[in-house]
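Peer 1: Below is the structure I would like to discuss, written out as structure tokens.
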Amino acid sequence: MFLIVIGFFISSVYTYLILPDNEGSEPKINPTLYPILYKGMVIIPYKANAVHLHHWVLYFLICLISVFIYIPHIFTGFSLGLFIQGIKYKDSCTFICDNPYKG
């Protein structure tokens, strides 16, 4: 339990230092690696649109998987923190966006 709390604390620090305060903004560390990352966000192009895979989805899956297979508790706590942080954005359930790689 202690390691889960430590992981949660680390996710809070990460959120404060790296992630944007508002939805629609870019993270402070924002690499682009076509066709997976666009300015630090997981955005996969599909024709004129793109799928924005929010970070909270990935961390929620890690939390779910940790129920069935062993994942270090510190990483589970980190994932739980970023899941909670991510669903607090107003656009947290908007998965289709304009394709930022075009134009």
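Peer 1: Search segment 1-27 for residues being in a loop (DSSP other than H, G, I, E, B), aliphatic (A, V, I, L, M) and more than 15 Å from Lys88 (Cβ to Cβ), and hand back the single one that is least open to solvent (accessible area, probe 1.4 Å).
Peer 2: Across segment 1-27, the extreme among qualifying residues is Ile18.
Peer 1: Kindly indicate whether any position in segment 36-47 is part of a loop (DSSP other than H, G, I, E, B), modelled with pLDDT of 90 or more and either within 29 Å of Phe2 (Cα to Cα) or in contact with a Phe, Trp or Tyr (Cβ under 7 Å, 6 or more places away or on another chain) (or both).
Peer 2: No - not one qualifying residue is present in segment 36-47.
Peer 1: I've got another one for you. Could you please find all residues in segment 22-68 being of a type in the set (Phe, Trp, Tyr) and touching a residue at least 40 places away in the same chain (Cβ under 8 Å)?
Peer 2: Result: Tyr34, Tyr38, Tyr46.
Peer 1: Looking at the structure I just gave you, is Gly86 in contact with a helix residue (DSSP H, G or I) (Cβ under 7 Å, 6 or more places away or on another chain) and modelled with pLDDT of 95 or more?
Peer 2: The answer is no for Gly86.
Peer 1: Okay, moving on. What are the pairs with Cβ atoms under 8 angstrom where one residue, in segment 69-93, is without any contact (Cβ under 8 Å) to a residue 40 or more places away in the chain and the other, located anywhere, is open to solvent by 70 Å² or more (accessible area, probe 1.4 Å)? Sequence gap at least six, or different chains.
Peer 2: Listed pairs, sorted by first residue: Ile71/Ile65; Phe83/Phe60.
Peer 1: If you go through segment 39-51 one residue at a time, do you hit one that is surrounded by 13 or more Cβ atoms within 10 Å (Cβ to Cβ), more than 22 Å from Gly81 (Cα to Cα) and β-branched (Val, Ile, Thr)?
Peer 2: The answer is yes, given that some residue of segment 39-51 is surrounded by 13 or more Cβ atoms within 10 Å (Cβ to Cβ), more than 22 Å from Gly81 (Cα to Cα) and β-branched (Val, Ile, Thr).
Peer 1: Residues of segment 70-103 being assigned to a loop (DSSP other than H, G, I, E, B), farther than 11 Å from His54 by Cβ and of a type in the set (S, T, N, Q), which ones?
Peer 2: Asn99
Peer 1: Quick one: in segment 58-94, of everything that is under 22 Å from Pro35 (Cα atoms) and touching a Gly at 6+ places or on another chain (Cβ under 8 Å), which residue is surrounded by the most Cβ atoms within 10 Å (Cβ to Cβ)?
Peer 2: Once the filter is applied, the top-ranked residue is Tyr59.
The values are calculated or read from the model by the stated rules, or taken from the named source; none is laboratory data. From a predicted model like this one, the values you see are computed outputs, not experimental measurements. Note that we place each Cβ from the backbone using ideal geometry, even for glycine, and neighbour counts take in every protein chain shown. For the accessible areas, the whole protein counts, side chains as well, though only heavy atoms, and no ligand, DNA or RNA atoms are used. Shrake-Rupley method; radii C 1.70, N 1.55, O 1.52, S 1.80 Å.
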